[in-house]
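Engineer: Got a structure for you, written out below as structure tokens; questions coming shortly.
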Amino acid sequence: MRDAPRLTWTERGALALLLGVFLILGIYYALDNPLCKPDEAYHYAYAFHLRSGHGLPVIRVIPGRTQFTPVEMEAHQPPLYYAGVAGIAALLNMQERIIPSVNPYLLGTLEGNRCLTTPLYSTFPESPIFFTGRLVSLVCGAMALLFAYLLCRAFLPWPVALLSAAFMGFNPQYLFIATSFSNDMPVTALVHLGLWRLGRAIQIGLDRRQAFVLGGIVAGATLTKLTGLGLLIPLGGIAFWQAWRTRRGQPLLDAGLAALVVAVGGSWWFWRNWRLYGNPFATHLLTILLGRRSSPWTLEDLRDFLVYVWRSYWLAFSPGDLLFAEPPVYGGIGLICLLALFGLLKALHRNRSIRLLFALVWGWFLLVFASFLILTRSTPIFIGGGRLLFPAAIALGATLAVGLTELFRRFPFVPAGFAVLLAVYAASAPIRYIHPAYPRPHLVRTLEHPPTHPSGISFGDGYFELIGYDLQLTQIAGRPALAITYYWRTLRETSRSFSVFIHLQTRRDGHLVLLTQVDTYPGYGAHPTSAWRRDWIFIDRLALPLPPPESVFSGTVVTGLYDLPTMERLPAYDRDGRRFPADAVPLADLWVDAAGALHLSAPADAGGQR
């Protein structure tokens, strides 16, 4: 039996410094980064659904149905995190001025539209519920580090325990997910709280009080995310081990008490799932929401999966994991991890007292990984990524800390240097990767230079004015394109998100024929009209792919705004108040001559010059 170590003032100060740096970085990640983190729009829709008083969402399971609403995409998840955010929003009477939503044009254009959520950026005053969800997640991420530290401190000297938490928390992807609107960090915090209590149970023995507390922790984790239910497996293993060592059945009874607490605490949720979906855990809904894999896994699939998990564990800064770090970054981290693993094996051979710690954390890591693998094998995509391993993140953090400390026993500053380097990399990662890929909308009060083609066109009942536009021939994905820079001024604010259409059309036999088109929210979803503010000018560059170079064509490029749900176009008026036919504003004439040369000119009837 071993008493819990008392924290000295030096140790407390070092721990406070670690958590303080993490929270500072987290606030930066939460408030400054775009709203394009994995699945945030779906998780937010769940909490907003509860905040609106609609109760727990239900997935309508209909044979053959393939399209689901944003709230349905996460409706299989337990509700504790979402109810907590909704409760805070209700208590503080929070109201969204800008409601983040799913971008209907995601990946629908050759460039842009790479973010699931629209708008791309917002602020706390404009979207307080959304950012409250992020900050709740951040607090949970810090709590997970605290509990991970306490777990390691029960077996390790405090500098090594602190280093374990540092390697866990300064992982750029951990910070990225710890500041996302999702239940990943709340369950990570509760699981690491449970692992800490399991570590204490290993040291002092499992008793009735410990079992009751552990049961409550596992119940809370389970009602946050189903991953938490898996803690019953190491709890059962510890109970069997202690029963075998003591030749007494009391540890098994205590473990049974913990399981009973979990069953009672989660019974209503399991019963609800059983009644609605015929499955108490609702895990089968993933294949309904995401589709079912049509072919068995191959060795190549397994290899791709492992590479994907490794990369997305450290840095994958976008939905769909489109934004990775440079390959040498993953290679360098991998080399350090291999060195740490070698050092850990040496430490385990030399120090028997830490073996139970690593048996616990790596046993749990393998359980989480196995469940992740089983789930993703049934879907056509690799779901989640490395973030789904964060409930077991202390396994890697402790391995790095203990392994590197063992290897560099004569140079103790080296492991700390690696942790500091990781923190610096995490601090610079948004500037290096996110901001160039997802630039902020270009907003100004006044124009320094007038548009090349002034227009003065108004849309709707005095909502927006197209001050003018620029035209430029360019290329997208190796094919010719016309870049159009719009200069929009907001005259009246609206909560509706109107779409922009750009059509290249021609006349054949007296009928309009569409040659090519682009439909998108303004800014490729980065700055929809619902986020536009009065008297601000939004400079927006969109591009229209053109027919192949070998095509001989002539046509007119027209543009306008429409409401996507109804497909109704906003009325478009020239500066004299005359309405454009079909509410389509001509921007340019394009034609390819017999020699294959592409010509561009602005039409004479644009902007009321008719």
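Engineer: Could you list all residues from the range 285-343 that are farther than 30 Å from Ile62 by Cα, in contact with a Gly (Cβ under 8 Å, 6 or more places away or on another chain) and not basic (Lys, Arg)?
Structural biologist: Tyr308, Val309, Trp310, Ser312, Tyr313, Trp314, Ala316, Leu339, Ala340, Leu341, Phe342, Gly343
Engineer: Continuing with this model, one more query. Out of the range 231-253, which residues are of a type in the set (Gly, Ala, Ser) and surrounded by 12 or more Cβ atoms within 10 Å (Cβ to Cβ)?
Structural biologist: Of all residues in the range 231-253, those of a type in the set (Gly, Ala, Ser) come to 236-237, 239, 243, 249.
Selection gives Gly236, Gly237, Ala239, Ala243.
Residue-wise test of (1) in contact with a Ser or Thr (Cβ under 8 Å, 6 or more places away or on another chain); (2) over 18 Å from Leu229 (Cα atoms); (3) part of a helix (DSSP H, G or I).
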site: Ile374; (1), (2), (3): no, no, yes
site: Ile383; (1), (2), (3): yes, yes, no
site: Ala395; (1), (2), (3): no, yes, yes
site: Leu400; (1), (2), (3): yes, yes, yes
site: Arg409; (1), (2), (3): no, yes, no
site: Ala419; (1), (2), (3): no, yes, yes
site: Ala423; (1), (2), (3): no, yes, yes
site: Ala426; (1), (2), (3): no, yes, yes
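Engineer: In the same structural domain as His49 (by TED's automatic domain parsing), in contact (Cβ under 8 Å) with a residue 24 or more places away in the chain and either in a helix (DSSP H, G or I) or closer than 26 Å to Gln173 by Cα (or both): is that true of Ile98 in this structure? Steps first, please.
Structural biologist: Details: in the same structural domain as His49 (by TED's automatic domain parsing): yes; in contact (Cβ under 8 Å) with a residue 24 or more places away in the chain: yes; either in a helix (DSSP H, G or I) or closer than 26 Å to Gln173 by Cα (or both): no.
No; evaluated as a whole, the condition is false for this residue.
Engineer: Continuing with this model, one more query. Residue pairs, Cβ under 9 Å, 6 or more apart or interchain, first in the range 235-248 and farther than 18 Å from Val191 by Cα, second surrounded by fewer than 16 Cβ atoms within 10 Å (Cβ to Cβ) and charged (D, E, K, R). List them.
Structural biologist: What qualifies is Gln242/Arg248.
Engineer: Tell me yes or no: at least one residue of the range 354-367 is of a type outside the set (Gly, Ala, Ser), buried (at least 20 other Cβ atoms within 10 Å of the Cβ), in contact (Cβ under 8 Å) with a residue 60 or more places away in the chain and in contact with a Pro (Cβ under 8 Å, 6 or more places away or on another chain). Even if it seems obvious, please write down each step before you answer.
Structural biologist: Within the range 354-367, the first condition is being of a type outside the set (Gly, Ala, Ser), and the residues that meet it are 354-358, 360-362, 364-367.
With buried (at least 20 other Cβ atoms within 10 Å of the Cβ) added as a condition, the list becomes 357, 360-361, 364.
Checking the rest, the ones that are also in contact (Cβ under 8 Å) with a residue 60 or more places away in the chain come to 357, 360-361, 364.
Among the residues that remain, those that are also in contact with a Pro (Cβ under 8 Å, 6 or more places away or on another chain) are: 360, 364.
Yes: one or more hits.
Engineer: Could you please find all residues in the range 396-448 being closer than 19 Å to Phe155 by Cα and aromatic (Phe, Trp, Tyr)?
Structural biologist: The answer is none; no residue qualifies.
Quick grid of which residues meet (1) of a type in the set (Val, Ile, Thr); (2) at pLDDT below 95; (3) in contact with a Leu (Cβ under 6 Å, 6 or more places away or on another chain):
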| residue | (1), (2), (3) |
| --- | --- |
| Cys152 | no, no, no |
| Leu156 | no, no, no |
| Pro159 | no, no, no |
| Met168 | no, no, no |
| Met185 | no, no, no |
| Leu195 | no, no, yes |
| Gly205 | no, yes, no |
| Gln210 | no, yes, no |
| Val218 | yes, no, yes |
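Engineer: Consider only pairs whose beta carbons are under 8 Å apart and that are at least six residues apart or on different chains; among these, list those whose first residue lies in the range 325-346 and is more than 27 Å from Tyr433 (Cβ to Cβ) and whose second residue is among the hydroxyl-bearing types (Ser, Thr, Tyr).
Structural biologist: Leu341/Thr399; Gly343/Thr405; Leu344/Thr399
Engineer: Taking the range 563-583 on its own, how many of its residues are surrounded by fewer than 19 Cβ atoms within 10 Å (Cβ to Cβ) and either without any contact (Cβ under 8 Å) to a residue 40 or more places away in the chain or within 16 Å of Leu512 (Cβ to Cβ) (or both)?
Structural biologist: Number satisfying all stated conditions: 10.
Engineer: While we're here: Identify all residues within the range 557-596 that are of a type in the set (Val, Ile, Thr) and modelled with pLDDT of 95 or more; write none if there are none.
Structural biologist: The first filter runs over the range 557-596 and keeps only residues of a type in the set (Val, Ile, Thr), leaving 557-559, 566, 585, 592.
The answer is Val557, Val558, Thr559, Thr566, Val585.
Engineer: If you don't mind, another one. So which residues in the range 517-532 are surrounded by fewer than 19 Cβ atoms within 10 Å (Cβ to Cβ) and without any contact (Cβ under 8 Å) to a residue 60 or more places away in the chain, if there are any at all?
Structural biologist: Answer for the range 517-532, where residues must be surrounded by fewer than 19 Cβ atoms within 10 Å (Cβ to Cβ) and without any contact (Cβ under 8 Å) to a residue 60 or more places away in the chain: just Gln517.
Engineer: If you don't mind, another one. It is to be established whether one or more residues within the range 60-73 are surrounded by 21 or more Cβ atoms within 10 Å (Cβ to Cβ), charged (D, E, K, R), within 18 Å of Val187 (Cβ to Cβ) and in contact (Cβ under 8 Å) with a residue 24 or more places away in the chain.
Structural biologist: Looking for residues that are surrounded by 21 or more Cβ atoms within 10 Å (Cβ to Cβ), charged (D, E, K, R), within 18 Å of Val187 (Cβ to Cβ) and in contact (Cβ under 8 Å) with a residue 24 or more places away in the chain, one finds none in the range 60-73, hence no.
Engineer: Ok, one more. If Val513 satisfies every condition in (1) surrounded by fewer than 18 Cβ atoms within 10 Å (Cβ to Cβ); (2) at pLDDT 95 or above but one, which is the exception?
Structural biologist: (2)
Engineer: Does Ser495 qualify as being at pLDDT below 95, of a type in the set (Gly, Ala, Ser), in a loop (DSSP other than H, G, I, E, B) and within 28 Å of Tyr121 (Cα to Cα)?
Structural biologist: Numbers: at pLDDT below 95: yes; of a type in the set (Gly, Ala, Ser): yes; in a loop (DSSP other than H, G, I, E, B): yes; within 28 Å of Tyr121 (Cα to Cα): yes.
Taking the combined requirement at face value, the residue satisfies it.
Engineer: Now for a separate question. Among (1) surrounded by 18 or more Cβ atoms within 10 Å (Cβ to Cβ); (2) closer than 19 Å to Phe170 by Cα, where does Val329 come up short?
Structural biologist: Going through (1) surrounded by 18 or more Cβ atoms within 10 Å (Cβ to Cβ); (2) closer than 19 Å to Phe170 by Cα one by one, Val329 breaks only (1).
Engineer: Please go through (1) modelled with pLDDT under 95; (2) of a type in the set (Gly, Ala, Ser); (3) under 30 Å from Thr287 (Cβ atoms) for Ala4 and return the number of the only condition it doesn't satisfy.
Structural biologist: (3)
Engineer: Could you list, in sequence order, all residues of the range 52-90 that are in a helix (DSSP H, G or I) and within 18 Å of the chain's Cα centre (by Cα)? Before the answer, list the steps.
Structural biologist: Taking the range 52-90 and keeping what is in a helix (DSSP H, G or I), we get 70-73, 80-90.
Within the range 52-90, Pro70, Val71, Glu72, Met73, Tyr81, Tyr82, Val85 meet the criteria.
Engineer: Being of a type outside the set (A, V, I, L, M) and at pLDDT below 95 is the filter here; which residues of the range 27-41 pass it? So that I can check it myself, show each step before the final result.
Structural biologist: Restricting attention to the range 27-41, the residues satisfying the condition of being of a type outside the set (A, V, I, L, M) are 28-29, 32-34, 36-40.
Correct list: Asp32, Asn33, Pro34, Cys36, Lys37, Pro38, Asp39, Glu40.
Engineer: Going by the conditions given, is Phe181 part of a loop (DSSP other than H, G, I, E, B), over 16 Å from Ala144 (Cβ atoms) and either over 25 Å from the mean Cα position of the chain (by Cα) or hydrophobic (A, V, I, L, M, F, W, C) (or both)?
Structural biologist: On the way: part of a loop (DSSP other than H, G, I, E, B): yes; over 16 Å from Ala144 (Cβ atoms): yes; either over 25 Å from the mean Cα position of the chain (by Cα) or hydrophobic (A, V, I, L, M, F, W, C) (or both): yes.
Yes.
Engineer: Within the range 436-475, can you find the residues that are surrounded by 14 or more Cβ atoms within 10 Å (Cβ to Cβ), in contact with an Asp or Glu (Cβ under 9 Å, 6 or more places away or on another chain) and not aliphatic (A, V, I, L, M)?
Structural biologist: Selection gives Pro441, His442, Pro451, His453, Ser455, Gly456, Ser458, Phe459, Tyr463.
The values are calculated or read from the model by the stated rules, or taken from the named source; none is laboratory data. Here the structure is a predicted model, which is why all the values come from computation and not from measurement. Every residue, glycine among them, receives a Cβ derived from its backbone with ideal geometry; neighbour counts consider all protein chains shown.
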